[in-house]
Each structure stands twice: as C-alpha cells, then as structure tokens.
1. Listed residues Lys61, Lys109; which is away from the ligand (no atom under 16 Å from the Cβ), of a type in the set (D, E, K, R) and either crowded, with 16+ Cβ neighbours inside 10 Å or outside any helix (DSSP H, G or I) (or both)?
2. Considering Glu272, Glu267, which residue is surrounded by 14 or more Cβ atoms within 10 Å (Cβ to Cβ) and of a type in the set (Asp, Glu)?
3. Listed residues Gly205, Gly181, Gly193; which is over 16 Å from the mean Cα position of the chain (by Cα), more than 16 Å from the ligand (Cβ to nearest atom) and modelled with pLDDT under 95?
4. Across the stretch 114-129, what is the total count of residues that are in a strand (DSSP E or B) and either away from the ligand (no atom under 11 Å from the Cβ) or without any contact (Cβ under 8 Å) to a residue 12 or more places away in the chain (or both)?
5. Can you pull out the residues in the stretch 179-195 that are touching a strand residue (DSSP E or B) at 6+ places or on another chain (Cβ under 6 Å) and either assigned to a helix (DSSP H, G or I) or buried (at least 17 other Cβ atoms within 10 Å of the Cβ) (or both)?
6. It is to be established whether one or more residues within the stretch 238-254 are assigned to a loop (DSSP other than H, G, I, E, B) and more than 18 Å from Ser26 (Cα to Cα).
7. Which one of these does Thr53 not meet: (1) in contact with a strand residue (DSSP E or B) (Cβ under 9 Å, 6 or more places away or on another chain); (2) at pLDDT 95 or above?
Amino acid sequence: MSQMSKPCRQKKAALINDLSGLGRCSLSVQLPVLSVMQVECLLLPTCILSNHTGYPSFYLKDLTEDLDGMMDEWQKQEVEVDAIVTGFLSSQKQVHHVLRFLDLFQTPKTLLVVDPVMGDHGKPYPTITPELQNGMHQLASRADVLLPNLTEACILTKTAWKEQFSRAEIERIAAKLIELGANQVVISGIEDGQLICDCTLERDGRPAWLEAKKNAQMRSGTGDLFCAVLTGALLQNKPLDQAALQAGEFVRKALEMTQKLHVPQEEGTAFEMVLCDLCSCHSLS
Ligand code: PXL
C-alpha cells in the first residue's frame, strides 16, 4: 500500500472536567491546549461554575443528572477515544458516572489520565467531602497515568501534610500510588526552595526527578495545564519523562509571562501568551 493511501486518523480525547467561567482552569484551559496539539476533544462537563473555587465565593450548577443522558447519546454515536482525561468532580455520585463512562468507552488501548483534583498547598478545596475523597481513590486505582499535586498525593495515600517533605518521602508516596493501582505517576509542582520539581514513577521503574528554577508563584489551573500538555505529548507517543518535561516547561513559561503581565492571582495563568509553543505540525500516523 502506498504512503498516500494509508488511512490517517487524528487522536481523540474525552475530557471529563468542570467548566469554570472565570479564572482559567479545567476545560477552559485543557481544550485550547489539546486542540493546538492537534487532538480532537470531546467534552463532558461535570458542572458549570461562575469562577473556580479559589475566589471568595462561586456559583456552581451541578450537571450530575445530565451525565448519563450525554453518555447515552455518545454511545449511540459509537464514540471511540484514544484518551480519557478526568479532572474536577463535584461529588462522590459523579465518580460513579465516570466509572460508568469507563465501562462504556475505555478499551485496552485507551489511555486513562486521572487528575485527582482535590486540593492544593495542603488544603482540600471547599467542595471535597470524605466520600468524594474515597471516590477519587477508586478512580486513581484505575489510572494509566495519575497526576496529583503533592497535596492530592498525600490525601490519596493518607499521608499527613507537612510543609517540607524529603525526596525519599515523596518517592515513597509515589510508590504507594503505584501500589494503589496506577501504572504511571507524576507528582507535579513540588516546591523545593528555589526549585520547582516533578517526581515521575512508572510501575517496575525507578523514580525520576525533573527540576527547574522556580520563576514565579504557583497559580490555580497550572495542574490542568500540566495535565493537558502531558496528555497531548503522550498521544504524540512521547515517553512519560519527556511528556512531563514538556508539560513542566510549558507551565513555567506560562507562569513567567503571567508574572510579567501582573495578572491578579485569582485570574490564573496567561497560558494564551505561550500557547503557540505547542503548535508544531505533526504528520499523522
Ligand atoms: O485547577 C483545579 C480546579 C478545577 N476546577 C475548579 C477549581 C479548581 C481549583 O481551584 O476550583 C472548579
């Protein structure tokens, strides 16, 4: 068969996350990132918020009751995806819907990326209940790639929070996340003095560290950006360490630009200013 007649296919990802109107997080950052990385995105919004929960108040419209109807229609359309990416869930009930989504659309070839969105800086987000923590635990156990920040990694492994962890301690936490069932783990955005680090661990592998000089304060939405770039890179068949490196570099550059622009903390990361860095044309295979 000639090269010309070889069938080509664009990669597809289902994004299960909230839609926050203000503050640049979740679907509103993941969609542009993955689109520019040439991935077709199918969106399953878990809830709609006026703004993310880091603002002093927020309006939340829960879409739990709508998820089954959306999935049923997707099933009728015989939707097939290369990746499923999960993020912010508003309740334990939504975990059950995500598990049903996996039963319907996950195949042995599907990459399941779980971002167990639950908290930051040692504190759970205001929407997190003990039941939802248990649900996230269940979802994390099924992940091909699990992407917690250090707060979420501690919640999932029932590790008491403290301001400073040694690298050996963090590696043990990563190992516990693998024991939980995840195949690959990246604990991202670990602040270590003047450094910002990511710890990666693959099942049967050894922990590896990526580190860069901290160039700006962390902001909400950086985990969502990291997750989207990493997923896009994995869908371009890059190995985990390279994908994490690309994701980390993108977030750092976006944060640096955000600082230069004096963007208020709540308004998140001005990733739009560096989005074109991700835009290289890849030939289809
Ligand atoms: O960036 C994580 C995130 C996602 N979705 C909502 C949030 C947050 C963090 O605050 O509030 C609604």
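The values are calculated or read from the model by the stated rules, or taken from the named source; none is laboratory data. Everything numeric in this text was worked out from a predicted model, so none of it was measured. Don't worry about glycine lacking a Cβ; one is built from the backbone with ideal geometry, like all the others, and counts go over all protein chains shown.
1. Working: Lys61 fails: away from the ligand (no atom under 16 Å from the Cβ).
Exactly one of Lys61, Lys109 is away from the ligand (no atom under 16 Å from the Cβ), of a type in the set (D, E, K, R) and either crowded, with 16+ Cβ neighbours inside 10 Å or outside any helix (DSSP H, G or I) (or both), namely Lys109.
2. On the way: Glu272 fails: surrounded by 14 or more Cβ atoms within 10 Å (Cβ to Cβ).
Of the residues listed, the single one that is surrounded by 14 or more Cβ atoms within 10 Å (Cβ to Cβ) and of a type in the set (Asp, Glu) is Glu267.
3. Details: Gly205 fails: modelled with pLDDT under 95; Gly181 fails: modelled with pLDDT under 95.
Testing whether each residue is over 16 Å from the mean Cα position of the chain (by Cα), more than 16 Å from the ligand (Cβ to nearest atom) and modelled with pLDDT under 95 leaves just Gly193.
4. Within the stretch 114-129, the first condition is being in a strand (DSSP E or B), and the residues that meet it are 114, 119-120, 123-124.
From the residues that got through so far, the ones that are either away from the ligand (no atom under 11 Å from the Cβ) or without any contact (Cβ under 8 Å) to a residue 12 or more places away in the chain (or both) too are 114.
Residues flagged as in a strand (DSSP E or B) and either away from the ligand (no atom under 11 Å from the Cβ) or without any contact (Cβ under 8 Å) to a residue 12 or more places away in the chain (or both) within the stretch 114-129 amount to 1.
5. Within the stretch 179-195, Ala182, Gln184, Val185, Val186, Ile187, Ser188, Gly189, Ile190 qualify.
6. Filtering the stretch 238-254 for residues assigned to a loop (DSSP other than H, G, I, E, B) gives 238-239.
After this cut, where a residue has to be more than 18 Å from Ser26 (Cα to Cα) as well, the list is 238-239.
Yes, the stretch 238-254 contains at least one residue that is assigned to a loop (DSSP other than H, G, I, E, B) and more than 18 Å from Ser26 (Cα to Cα).
7. (2)
For every residue, the table says whether it meets (1) more than 16 Å from the ligand (Cβ to nearest atom); (2) surrounded by 14 or more Cβ atoms within 10 Å (Cβ to Cβ); (3) farther than 20 Å from Leu234 by Cα.
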residue: Gly23; (1), (2), (3): no, yes, yes
residue: Ser26; (1), (2), (3): no, yes, no
residue: Ser35; (1), (2), (3): yes, yes, no
residue: His52; (1), (2), (3): no, yes, yes
residue: Ser57; (1), (2), (3): no, no, yes
